[in-house]
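A short write-up of the structure that comes next.
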Amino acid sequence: MLLSTYGKPTRGHIRKLKYQIKTCVKGTKTIAEYLRIIKGKADDLALLGKPVDPEDLTEQILADLSDDYKPEIDAINGRDTPVSFSELHERLLNREAIIQCKEETTQTAPITANAADTRPRQQNQHNPNWRSNNNNRGNNNHTQQHPSNNNRGRYLGRCQACGTLGHSVKYCPEYRIVRGTSSAPWQAPQPSQPWQPSFPNQTWQPRAHAAMVPFSDSSTWLVDSGASHHMTSDLNNLALHSPYNGGDDVILGDGSGQQISHTSSLSLPSLTSPFILNNVLCVPSLDKNLISVFQLCSSNGVVVTFTPTYFQVRDLITGALRLEGKPRDGTYEWPKHRSSKPPSLAYASVVKASLSDWHSRLGHPAISILQKTISSFHLPLSSNVLLNKPCDACSINKMHKLPFSKKKK
């Protein structure tokens, strides 16, 4: 009975399995459960002698995934060779884990900044219909429409933003907007009715000192150790930007909040390679641009050192100097022009060595050559006293060159 009902390759049974594969949706299922159901139906068709083409099965799986999986979908569609089911299963599981981590981080990490002096901005900076002059950006409306997964073609070009093959700038994950708890878009406050922030009940509030500045300059960036994100008040500083539709606000040190209008990424020059600033927030009510020390060190692998007379940004691994600036009006201001000071390859040692130590370090040169080298390169020397005794390594090296007479038998 079971064999006649489920084992025979009847036309109705085959059509039923194909329909179940076609109508299977992910919904609230996990990736593992979603792929297990589709793979099980495909295996049943293979047992009945009607196997599903692997590429058709892959397209059916990707068709019902949300935009959170778009980086993996674009990467798979951009391949020249079809992806296997095992590789597809692994990549989607990894993407699912990343999405879950981002959701937890977005819900728990508040955006903080030091309180800055605010002044009235020009009306054109609050215009939500402002358009960028960058031709690569295209239409910059607040509402973005994405094509359905069923009509997604295989994009073979290279992204102009991150350089990755398989997706365009429009769908680059580097510029994806992280949505908050509110879906209302940003609107400029009216001059007659100033915007008043409203916050939910929070048990933790960040604290920071106020950085007050007497004048406004959109090209000035301040290095801020209390800011959790990079922030700018001038939209002209951002070449490629996206409107921020989330509900999060920037929490200042005094407990007040400021709205976010756009998000983007940019780069700042250095002595070697440019500094990459990711997740830059445009906050029109701020009077100064802020560089988050934490974000700067995390994204570029550097360490920042502050002193009363200067600050330095060095490579975390090699110690090479990448940028040096000076404080101004009680704040550490990022230099507007790249310094002409040559980069140092490593931290200079302040420990002075003796003449015998330099003799060993420099490969056991002659005394005259050693003294000339120390004088030419200003090597730190603890004492000018000559070697007390001949170097053991030099003596051993010279002994094998001494003439020895052959013993006569």
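The values are calculated or read from the model by the stated rules, or taken from the named source; none is laboratory data. Quantities reported herein were computed from a predicted structural model and do not represent experimental measurements. In this analysis, Cβ positions are derived from the backbone assuming ideal geometry, glycine residues included, and neighbour counts consider all displayed protein chains.
For every residue, the table says whether it meets (1) in contact with a helix residue (DSSP H, G or I) (Cβ under 9 Å, 6 or more places away or on another chain); (2) among the acidic types (Asp, Glu); (3) crowded, with 18+ Cβ neighbours inside 10 Å.
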| residue | (1), (2), (3) |
| --- | --- |
| 51 | yes, no, no |
| 54 | yes, no, no |
| 68 | yes, yes, no |
| 72 | yes, yes, yes |
| 79 | no, no, no |
| 94 | yes, no, no |
| 99 | yes, no, no |
(1) modelled with pLDDT of 85 or more; (2) among the aromatic types (Phe, Trp, Tyr); (3) assigned to a loop (DSSP other than H, G, I, E, B) all hold for residue 347 apart from (1)
- Evaluate the following for residue 272: is it farther than 17 Å from residue 232 by Cα and not charged (D, E, K, R)? yes
Cβ pairs under 6 Å, 6+ apart or interchain, first in the stretch 370-392 and within 13 Å of residue 359 (Cα to Cα), second part of a strand (DSSP E or B) and at pLDDT 80 or above, ordered by first then second residue, are 374/381
Counting only residues in the stretch 224-238 that are among the polar types (S, T, N, Q) and within 19 Å of the chain's Cα centre (by Cα), the one nearest to residue 287 (Cα to Cα) is identified as 232
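Is it true that some residue in the stretch 283-293 is closer than 19 Å to residue 232 by Cα, over 12 Å from the mean Cα position of the chain (by Cα) and assigned to a helix (DSSP H, G or I)?
Yes, the conditions are met somewhere in the stretch 283-293.
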Among residues of the stretch 9-37 being over 16 Å from residue 61 (Cβ atoms) and among the β-branched types (Val, Ile, Thr), the residue surrounded by the fewest Cβ atoms within 10 Å (Cβ to Cβ) is 28
